[in-house]
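Chemist: This structure is in C-alpha cells; I'll ask about it shortly.
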Amino acid sequence: MVHTRRSLLRAFAASPWIGALPAAAERPRQTRNVLLVMTDGLRWQEVFNGAEAALISKENGVPDPDALRADYWRDSPAGRRQALMPFLWTTVALHGQIFGNRDAGSEASVANGMNFSYPGYNETLCGFADSRIDSNDKNPNPNVTVLEWLHNQRAYHGRVAAFGAWDVFPYILNAPRAGFPVNAGYDPLAQPLTPKIEFLNRLKTESRIWDDEPLDTFTFHTALEYLKQRKPRVLFLSLGETDEWAHAGKYATYLHSAHSVDRDLKELWETAQSLREYRDSTTLIFTCDHGRGSGPSEWKDHGKKVPDSKYIWMAFLGPGTPALGERRNSPPVQQNQIAATLAALLGEDYRAAVPKAGRVITGISGSP
C-alpha cells in the first residue's frame, strides 16, 4: 500500500500518542542564567532625569560646576539620563524594561518601611520585609535568600555566587549557612586564585578609603573574572560608591560613580554575551536597595525620616523579556517582587516555597 504525504499526516494527527508530544508553549524557557546587579542608593531622579540642575553647585560638593555640566547636562531629561547612563538607556531600556519613573506614572518602591540598606537587600533577596532587620549591624540573616534557595537545588548547586563591595554581605546572605561563595568587603577571593584575582586582592587591600568597603572597581573586576572562570548560573553583584559619595555630599563624584556603574554593567553584559554558556540565554536585573530624598536639603539622606527614599527603580533585559521599554502608567511594583521574578525567569516557583514573598512581576518573563 502506498501512503501519500497527506494520508500519513492524517494518520499521525489521529494517533493516540499525539497528546504526549510537548506543546509549543512548553518549550524550555530562554533564560538559563541570571545576573542580578545592584548599586546602593542611586536615586530614581538621576536614573530617569539625569543630573539635577539645583545640585550642580559647590555647596553640593561640585568643585567645577561647568565641567560637570559639560559631562552630564543636556537640554532634555532624555538627553541627560543617556549622558549619565548610556548603556542603561541605549540597550537595557531599549531592548528590555525599566520601572520607577514616577513622572511617567510608574512607581517602584520598597515595602520594608526602613528605607536603608540591610532591610532593602533582605527584601530584594528574600522577597519580603522583616521587622527584625532594623539596622545595618552585622547580624546573620535568619531568612533564606532566593540565592540560597536556588543553590540548594540540584540544577544550581555550586552554580551560585555573590560579590559585594559592602562588608555586611556575608551576614545578609548568611554565608556559612548558604554554602555558596560570598566575597565582600576587603576579603580576598581565594578560589579561583588566578594571577588577575591575586592582583585584585592586593590592590583592594592597598587602596582603602572607607573601612567597610573597597572601591567598586575592585569588587566589579573580581566578580567579572569569577564569571569568566567559573561561569555561575546565578551571579549577584552589589556596588556601593553611589551611596558612599551621596552621604558625603559630593554630587559630582556621585554622578561619576553612577556613570561608572553603567560602564561596568555594559562590560558585564558584553562579556556574558561573548561566552557560549551565557549568550542569548541570560537575563540581567539591575536595581538598588533604597532611594534618597529630593532636592538640595535631602538628596544625601534616606531612611524613615526621609519618606520619599522608599522610591526605587528596577530594570530587566533578557531573551524572554518583552521589549516594552520605559514602563509608563503601569501598575506599581515593589522590591519584594524581585526574588520571585528572578526565580520565575529560570522557570522556578519561589512563592510555592515562600508564600509570603512578593508576586512575580507580570510581563517580565513573557507572561501576560
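Chemist: List pairs: first residue in region 351-368 and closer than 12 Å to Ile338 by Cβ and in a loop (DSSP other than H, G, I, E, B), second residue among the aromatic types (Phe, Trp, Tyr) and at pLDDT 95 or above anywhere in the structure, Cβ distance under 9 angstrom, at least six positions apart or on different chains.
Modeler: Close Cβ pairs (under 9 Å, with a partner that is among the aromatic types (Phe, Trp, Tyr) and at pLDDT 95 or above) amount to Ala357/Phe128; Ala357/Tyr350; Gly358/Phe128; Val360/Tyr350; Ile361/Phe99; Ile361/Phe316; Ile364/Phe316.
Chemist: Does Asn174 meet the test of being in contact with a helix residue (DSSP H, G or I) (Cβ under 9 Å, 6 or more places away or on another chain), without any contact (Cβ under 8 Å) to a residue 40 or more places away in the chain, on the phi < 0 side of the Ramachandran plot and not aliphatic (A, V, I, L, M)?
Modeler: Values: in contact with a helix residue (DSSP H, G or I) (Cβ under 9 Å, 6 or more places away or on another chain): yes; without any contact (Cβ under 8 Å) to a residue 40 or more places away in the chain: yes; on the phi < 0 side of the Ramachandran plot: no; not aliphatic (A, V, I, L, M): yes.
Considered against the rule, which asks whether it is in contact with a helix residue (DSSP H, G or I) (Cβ under 9 Å, 6 or more places away or on another chain), without any contact (Cβ under 8 Å) to a residue 40 or more places away in the chain, on the phi < 0 side of the Ramachandran plot and not aliphatic (A, V, I, L, M), Asn174 comes out as no.
Chemist: Between Leu55, Leu84, Leu68, Leu88, which is over 30 Å from Val354 (Cα atoms) and touching a strand residue (DSSP E or B) at 6+ places or on another chain (Cβ under 7 Å)? Outline the logic, then answer.
Modeler: Numbers: Leu55 fails: touching a strand residue (DSSP E or B) at 6+ places or on another chain (Cβ under 7 Å); Leu84 fails: touching a strand residue (DSSP E or B) at 6+ places or on another chain (Cβ under 7 Å); Leu68 fails: touching a strand residue (DSSP E or B) at 6+ places or on another chain (Cβ under 7 Å).
Result: Leu88 is the single residue among Leu55, Leu84, Leu68, Leu88 that is over 30 Å from Val354 (Cα atoms) and touching a strand residue (DSSP E or B) at 6+ places or on another chain (Cβ under 7 Å).
Chemist: In region 295-318, which residue that is in a loop (DSSP other than H, G, I, E, B) and either touching a strand residue (DSSP E or B) at 6+ places or on another chain (Cβ under 7 Å) or at pLDDT below 95 (or both) is surrounded by the most Cβ atoms within 10 Å (Cβ to Cβ)? Let's see the steps before the verdict.
Modeler: First, pick out the residues of region 295-318 that are in a loop (DSSP other than H, G, I, E, B): 299-306, 312-313, 318.
Next, only the ones that are either touching a strand residue (DSSP E or B) at 6+ places or on another chain (Cβ under 7 Å) or at pLDDT below 95 (or both) stay: 312-313, 318.
Working: Ile312: 28, Trp313: 26, Gly318: 24.
Top of the filtered list is Ile312.
Chemist: Here's a follow-up. Any chance region 37-50 includes a residue that's aromatic (Phe, Trp, Tyr) and assigned to a loop (DSSP other than H, G, I, E, B)?
Modeler: no
The values are calculated or read from the model by the stated rules, or taken from the named source; none is laboratory data. What you are looking at is a predicted structure, and each value in this text was computed from that prediction instead of being measured. Quick reminder, even Gly has a Cβ in these numbers, built from the backbone with ideal geometry, and neighbours come from all protein chains shown.
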